[in-house]
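S.K.: First the structure, which I've put down as structure tokens, then a few questions once you've had a look.
The values are calculated or read from the model by the stated rules, or taken from the named source; none is laboratory data. Just so we're clear, the structure is a prediction, and the values are computed from it rather than from any experiment. Glycine also receives a Cβ, built like all others from the backbone with ideal geometry; neighbour counts cover every protein chain displayed. The area values use the complete protein model at the heavy-atom level, side chains included, leaving out ligands, DNA and RNA. Shrake-Rupley method; radii C 1.70, N 1.55, O 1.52, S 1.80 Å.
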Amino acid sequence: MAKIRKVENKIKLGLELDELPEQLKQKIDEALKDKKVTEKQRQKIYEKAFEEYKKALVEPGESVGIIGAESIGEPATQMTLNTKHFSGVAELNVTTGLPRIIEIVDGRKTISTPSMEIYLKKEYENEEDVKKYTLQIKETNLSEISKEFNVNLEEFSIEVTLDEKKLKDLELTKEKVIKVLNKTLKKLKAEEKEGIIKLTFKSKEENFNELYKAKDKLKNVYVSGIKNIKQVLPVKKEEGYVLITAGTNLKEIMKLPYVDTYRTVSNDIFEIYEYFGIEAARQAIINEVYKVMENQGLNIDIRHLMLVADTMCNSATVKGITRYGVVKEKSSVLARASFETALNHVINAALMGEKDPMNSIVENVMVNQIIPAGTGIPKLVMDLDIKKKK
Amino acid sequence: MADVFLNEKYVGKVDNPKEFVEMLKYSRRRKEIDKNVNVYYDEELNEVHVNTTKGRLRRPLIVVKEGKPLLTEQHLQQLQSGELSWNDLVNQGIIEYLDAAEEENALVALQKEDLTKEHTHLEIAPFDMFGLTTSLVPYANNSFAAKVNTGSKNQKQAIGIYINNIMTRIDTDTNFLHYPQKPIVKTVMHDVMDYEKHPAGQNVVVAVMSYRGYNMEDAIIINKGSIDRGFARSTYFRPAVTEELRYSGGLYDQIELPDKDVIGYRSERDYRYLEDDGIIYPEAKVKEGDVVIGKTSPPRFLSSMEQYSLGNEGRRESSIAVKHGEQGIIDFVVLTENSEGNKLVEVKIRDQRIPEIGDKFTSRHGQKGVIGLIVPEADMPFTSSGIKPDIIFSPHSIPSRMTISHLIELVGGKTGALKGRQIDGTSFESESEVDIRKELLSLGFREDATETMYDGITGERMEVKIFIGPMYYLKLKHMVSNVIHARATGPIQLLTRQPTEGRAREGGLRLGEMEKDTFVAHGAASVLKERFDSDKVVVPVDETSGMLAIYDMYKKQAYSPLSGEEASISYIEMAYAFKLLLDEFKAMGIYPKLILKNKF
């Protein structure tokens, strides 16, 4: 969990600036690197750029939230409802479209189709390695690497014949498998006999029923790979290979030596938040929503999404835009009450003796006062005293 | 061996199921068993199902024996002369009804020419796959199925002559077309259902072209001259009904000219058409608010004293008046009594409806549209022979909808009108388009029904040839005069002091939550505030306690029962709905304390 520090606000707002921000100056410098520019000319360029910069700023009182909501909401009405589609190649199912956007914006802890895009380090980006690692990453259970499961009633044991080829692909040996089996199974004992793995009960009292149950259990025993990665699909892209997975496990994947940790991403925002913190989660929200919109051929200015992501993340945890999330944080009782479960908010506010500062839009519309936005912000009052003096 | 089920209940086994089924069918045709029995053999499951229950969908087919239909020319002649009837054919086993199950065993030929030895039945006519209204769409087999469907739905909404004793009966909300015509392009179904005795449309000259953009988005342009000549004129009927109800205590309503001391008396002007019996006279021209039937009711709650008082005292006015936005002429008055023996008065009001902008029209092919412009006849484009279209239809309505039948009807209509005959457009069995085109060519017109046209305003010749010809057009019952509504100020609701809702109550048009958002997005703060001023109130607020104060109208000052003399009272402008919210909080036991401060 990220700690909340109190940071003194040293950043000047756009309107308070009297010259170009340092970052933009650096960018200009970079662009002018190979050109002969005198210091005087440079300053002139800065000035011109600053004028443009000021024009591009959002004016005070602009209702960015509602404009953002309309800018995302309007194209969203054109989105094909309920599109489950295949990203890259077939077989792998990833939720996109409106359901995905709802999922992100609601801040759901468990998403319907968790998935990762794993990139390999440059030196491993060849067909052979990709194939090998595809198999190694995938969560593998015993039934996938074995040819046969036999119940030997005579000896009261289960006999497993392993698939040698698959073992080789996964860089496993029989010894390793036996080791894993002995580690995970508590009631059974595994040993090799004539190339076959033989499992017997440690205690003698077990009955046949238990034997069959154990056989079924055995099939799903985890042997190798990364847990939670149910499926791995190598996809060739222009720049190289990507392994698209069903299921995520950032923590384990990032530990693998052949994975390029800079490019590998998960689509699970909470997982990202847990391992990389709130800033990464914010970026993930923006990326994920933008990806869906782009997929549908819709064009939304990224700044609207940034605003959404900022509101979701500004309390240092990811909060959904729901009555349990962002709405709960609103300072106005009336504004909260106007959005779902009105009575709860009113009663709680009454118990706490809450005071509504009336400094936002909704509550002022309710009371029918001038809203503090747009033309409602500037206040021009005629000083009547001057008149009297005359 | 096969299992036999009677009405899906197991009854036994038969050795030779096919023979058994044939035997049953044979005896049914010979009337040894009831004609409503259907039987079918499921080869896969080796089961015979015999069904006699109600609720099965069945349809008639001509029985075929050895590749030859049992229905012969002789039968047809006898049918025409009236010697034979449909029931005779069914009884003779020439025509039989199959249900969905038995159809599985049958091989039905669509046309007589398709018959082979394997066929068991023949369709009576290929278009009988359509329902009644769908069969009324000419050349329907040329159009996209969904459009044929909407075309048939639209026809159900057309204004025509829905019943012949229209002048003597009273229905709610009915329409009646003034000069109906029989269609030039018709189908067999028009004859079958005697459509021409109660038609629902008129043949008008349609030009497929644009005219100053007023027919975009499915609108149509109408010639003012056609309207003046009576095109699509209709009458709208609406009754005003009331009865003299009896109440407990021997009290009852009274249909009469209300006395002036009745509670809720309107104005003398409103009662001006009423005769001595309190009922309006026929042929009176009424407008909204005019009383049609005068009525008074006894007071709602009787106090003990009032029972003994005399006269009209306490009676309420409960007359029936013409509704808001309506007008008309009184057609006739009916005085009768209902089943309980109460006096019942029904007044039929008629209103002539001349086509106006916004009225809905359609051809028979799902090509509906509203009038977008009414053009003076002089300004209408004309052909070289001087024909001016009655309707200008947009060409953009055709390609995406693929209503080819619409186009064929126009060509057919043109040929029929010129030749003076009706064209048969029955689906699958229509006169061929090629022949019609040839006929049109022989009449001295272009075979594709296009003509050179001239601009009605400038007289210039148009460069393109315009597709023009008569079509059957229907006026639909949705007319703007029934839905048009606007309001500036008007009635408000008692509770919220906000405008009432709905056209009948002269209501306001709500500026909803999302519309509000658009004002916010524009930053138009003052516009937003003024838009929501419909329930504005100025209330005195006691700043000491933060509660609403009370305004004393006698002393002309506000006081607060909570703070008494010390109260400092300010007058605050707020939405009445918010005042109600504060009241509700108080009722919940919540103290909504208002903290005031200067806005500036």
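S.K.: How many of the residues in segment A:235-260 are open to solvent by 60 Å² or more (accessible area, probe 1.4 Å) and farther than 25 Å from A:Ile178 by Cβ? First the steps, then the outcome.
M.R.: The initial filter retains those residues of segment A:235-260 that are open to solvent by 60 Å² or more (accessible area, probe 1.4 Å), namely A:236-239, A:251-252, A:255, A:257.
Add one more test, that the residue is farther than 25 Å from A:Ile178 by Cβ, and what stays is A:236-239, A:251, A:257.
Going through segment A:235-260 one residue at a time, the tally reaches 6.
S.K.: Kindly indicate the residue of segment B:577-592 that is within 15 Å of B:Ala549 (Cα to Cα) and more than 9 Å from every other protein chain (Cβ to nearest Cβ) and also nearest to the chain's Cα centre (by Cα) among those meeting that condition.
M.R.: By that ranking, first place goes to B:Leu580.
S.K.: Continuing with this model, one more query. Kindly state which strands (runs of 3 or more DSSP E) lie completely within segment B:320-372 and contain at least 1 residues that are of a type in the set (Ser, Thr, Tyr) and open to solvent by 40 Å² or more (accessible area, probe 1.4 Å). Reasoning before the result, please.
M.R.: Details: elements: B:328-337, B:343-353, B:360-362.
Counting at least 1 such residues, we get B:328-337.
S.K.: Taking the condition out of contact with any Asp or Glu (no Cβ under 7 Å at 6 or more places or on another chain) and surrounded by fewer than 22 Cβ atoms within 10 Å (Cβ to Cβ), does B:Asn165 pass? Give the derivation first.
M.R.: On the way: out of contact with any Asp or Glu (no Cβ under 7 Å at 6 or more places or on another chain): yes; surrounded by fewer than 22 Cβ atoms within 10 Å (Cβ to Cβ): yes.
Against the criterion (out of contact with any Asp or Glu (no Cβ under 7 Å at 6 or more places or on another chain) and surrounded by fewer than 22 Cβ atoms within 10 Å (Cβ to Cβ)), B:Asn165 qualifies.
S.K.: Continuing with the same structure: Quick check: is even one residue across segment B:567-585 open to solvent by 70 Å² or more (accessible area, probe 1.4 Å), farther than 30 Å from B:Ala488 by Cα and hydroxyl-bearing (Ser, Thr, Tyr)?
M.R.: no
S.K.: Listed residues B:Asp270, B:Asp259; which is open to solvent by less than 80 Å² (accessible area, probe 1.4 Å), in a helix (DSSP H, G or I) and closer than 16 Å to B:Ser319 by Cβ? Steps first, answer last, please.
M.R.: Values: B:Asp259 fails: in a helix (DSSP H, G or I).
One residue alone meets the criteria, B:Asp270.
S.K.: Within segment B:64-81, is even one residue exposed (fewer than 11 other Cβ atoms within 10 Å of the Cβ), more than 26 Å from B:Lys117 (Cβ to Cβ) and within 41 Å of the chain's Cα centre (by Cα)?
M.R.: Yes, segment B:64-81 contains a residue that is exposed (fewer than 11 other Cβ atoms within 10 Å of the Cβ), more than 26 Å from B:Lys117 (Cβ to Cβ) and within 41 Å of the chain's Cα centre (by Cα).
S.K.: Can you spot a residue in segment B:425-433 that is more than 31 Å from the chain's Cα centre (by Cα), assigned to a helix (DSSP H, G or I) and of a type outside the set (Asp, Glu)?
M.R.: There is no residue in segment B:425-433 that is more than 31 Å from the chain's Cα centre (by Cα), assigned to a helix (DSSP H, G or I) and of a type outside the set (Asp, Glu).
S.K.: While we're here: Go through (1) within 10 Å of another protein chain (Cβ to nearest Cβ); (2) in contact with a Pro (Cβ under 6 Å, 6 or more places away or on another chain) and name the single condition A:Leu298 misses.
M.R.: (1)
S.K.: Another question about this same structure. Within segment B:504-527, how many residues are over 17 Å from A:Glu70 (Cβ atoms) and out of contact with any strand residue (DSSP E or B) (no Cβ under 6 Å at 6 or more places or on another chain)? Please lay out each step first, then the result.
M.R.: Of segment B:504-527, the ones over 17 Å from A:Glu70 (Cβ atoms) are B:504-510, B:525-527.
Right, trim to out of contact with any strand residue (DSSP E or B) (no Cβ under 6 Å at 6 or more places or on another chain) and you get B:504-506, B:509-510, B:525-527.
Residues meeting the conditions: 8.
S.K.: Quick check on segment B:507-520: of everything there that is crowded, with 18+ Cβ neighbours inside 10 Å and touching a residue at least 12 places away in the same chain (Cβ under 8 Å), which residue is farthest from the other protein chains (Cβ to nearest Cβ)?
M.R.: Among residues in segment B:507-520 that are crowded, with 18+ Cβ neighbours inside 10 Å and touching a residue at least 12 places away in the same chain (Cβ under 8 Å), the one farthest from the other protein chains (Cβ to nearest Cβ) is B:Gly507.
S.K.: Please go through segment A:315-354 and pick out each residue that is open to solvent by 60 Å² or more (accessible area, probe 1.4 Å), free of Cβ contacts under 8 Å to residues at least 24 places away in the same chain and either away from chain B (no Cβ under 12 Å) or in contact with a Leu (Cβ under 8 Å, 6 or more places away or on another chain) (or both).
M.R.: A:Arg323, A:Tyr324, A:Lys328, A:Glu329, A:Glu340, A:Asn344
S.K.: In addition: Residues of segment B:447-464 being within 30 Å of B:Asn154 (Cβ to Cβ) and exposed (fewer than 14 other Cβ atoms within 10 Å of the Cβ), which ones?
M.R.: Step one: of segment B:447-464, the residues within 30 Å of B:Asn154 (Cβ to Cβ) are B:447-451, B:453, B:456, B:464.
Within segment B:447-464, B:Asp448, B:Val464 qualify.
S.K.: Of the residues B:Thr458, B:Thr489, B:Thr452, which is under 30 Å from B:Tyr211 (Cα atoms) and assigned to a loop (DSSP other than H, G, I, E, B)?
M.R.: Numbers: B:Thr489 fails: under 30 Å from B:Tyr211 (Cα atoms); B:Thr452 fails: assigned to a loop (DSSP other than H, G, I, E, B).
Just one listed residue meets the conditions, B:Thr458.
S.K.: Another question, if that's okay. Which number in (1) more than 21 Å from A:Ser71 (Cα to Cα); (2) modelled with pLDDT of 90 or more; (3) in a helix (DSSP H, G or I) marks the one condition that A:Lys328 misses?
M.R.: So A:Lys328 meets the others, but not (2).
S.K.: Looking at (1) modelled with pLDDT of 85 or more; (2) part of a helix (DSSP H, G or I), which one does A:Leu15 not meet, given that it meets all the others?
M.R.: Unmet condition: (1).
S.K.: If you take the residues of segment A:273-297 that are under 17 Å from A:Thr95 (Cβ atoms) and open to solvent by less than 30 Å² (accessible area, probe 1.4 Å), which of them is farthest from the chain's Cα centre (by Cα)? If you could, list the steps in order and put the result at the bottom.
M.R.: Filtering segment A:273-297 for residues under 17 Å from A:Thr95 (Cβ atoms) gives A:284-285, A:287-296.
Retained after the next criterion (residues that are open to solvent by less than 30 Å² (accessible area, probe 1.4 Å)): A:284-285, A:288-289, A:292-293.
Working: A:Ala284: 5, A:Ile285: 6, A:Glu288: 7, A:Val289: 10, A:Val292: 13, A:Met293: 16 Å.
Filtering segment A:273-297 for residues that are under 17 Å from A:Thr95 (Cβ atoms) and open to solvent by less than 30 Å² (accessible area, probe 1.4 Å), the one farthest from the chain's Cα centre (by Cα) comes out as A:Met293.
S.K.: Consider segment A:136-152. How many of its residues are modelled with pLDDT of 85 or more and open to solvent by 40 Å² or more (accessible area, probe 1.4 Å)?
M.R.: The number of residues fulfilling the criteria is 2.
S.K.: Do you know which residues across segment B:428-450 are out of contact with any strand residue (DSSP E or B) (no Cβ under 9 Å at 6 or more places or on another chain) and of a type in the set (Phe, Trp, Tyr)?
M.R.: Matches in segment B:428-450: B:Phe428 only.
S.K.: If you don't mind, there's one more thing I want to ask. Considering each residue of segment B:169-210, count those that are outside any strand (DSSP E or B), open to solvent by 20 Å² or more (accessible area, probe 1.4 Å) and touching a Gly at 6+ places or on another chain (Cβ under 8 Å), and give that number. Let's see the steps before the verdict.
M.R.: Filtering segment B:169-210 for residues outside any strand (DSSP E or B) gives B:169-173, B:178-180, B:182-184, B:187-200, B:209-210.
Within this subset, residues satisfying the condition of being open to solvent by 20 Å² or more (accessible area, probe 1.4 Å) are B:169-173, B:178-180, B:182, B:184, B:188-189, B:191-194, B:196-198, B:210.
Still in the list and also touching a Gly at 6+ places or on another chain (Cβ under 8 Å): B:178-180, B:184, B:198.
The qualifying residues number 5.
S.K.: Which of the residues that make up segment B:521-574 are within 14 Å of chain A (Cβ to nearest Cβ) and assigned to a loop (DSSP other than H, G, I, E, B)?
M.R.: Selection gives B:Gly523, B:Ala524, B:Phe532, B:Gly546.
S.K.: Hey, could you check segment B:91-105 for residues that are at pLDDT 90 or above and open to solvent by 20 Å² or more (accessible area, probe 1.4 Å) and say which is nearest to B:Val63 (Cα to Cα)? Can you show your working first?
M.R.: Residues of segment B:91-105 at pLDDT 90 or above: B:94-105.
If we keep only those that are open to solvent by 20 Å² or more (accessible area, probe 1.4 Å) as well, we get B:97, B:100-101, B:103-105.
On the way: B:Tyr97: 10, B:Ala100: 16, B:Ala101: 17, B:Glu103: 12, B:Glu104: 15, B:Asn105: 13 Å.
Top of the filtered list is B:Tyr97.
S.K.: Can you name the residue in segment A:30-71 that is within 40 Å of the chain's Cα centre (by Cα) and of a type in the set (Lys, Arg) and, of all such residues, is farthest from the other protein chains (Cβ to nearest Cβ)?
M.R.: Restricting to residues being within 40 Å of the chain's Cα centre (by Cα) and of a type in the set (Lys, Arg), the top hit is A:Lys33.
S.K.: Right, something else. Can you tell me which residue within segment A:360-376, out of those that are at the interface with another protein chain (Cβ under 7 Å from one of its Cβ atoms) and in a helix (DSSP H, G or I), is nearest to the chain's Cα centre (by Cα)?
M.R.: If we take residues in segment A:360-376 being at the interface with another protein chain (Cβ under 7 Å from one of its Cβ atoms) and in a helix (DSSP H, G or I), then A:Ile361 is nearest to the chain's Cα centre (by Cα).
S.K.: Do we find that A:Pro357 is within 9 Å of another protein chain (Cβ to nearest Cβ), in a loop (DSSP other than H, G, I, E, B), at pLDDT below 90 and open to solvent by less than 80 Å² (accessible area, probe 1.4 Å) in this structure? Lay out the reasoning, then the answer.
M.R.: On the way: within 9 Å of another protein chain (Cβ to nearest Cβ): no; in a loop (DSSP other than H, G, I, E, B): yes; at pLDDT below 90: yes; open to solvent by less than 80 Å² (accessible area, probe 1.4 Å): yes.
Spelling it out, it is not the case that A:Pro357 is within 9 Å of another protein chain (Cβ to nearest Cβ), in a loop (DSSP other than H, G, I, E, B), at pLDDT below 90 and open to solvent by less than 80 Å² (accessible area, probe 1.4 Å).
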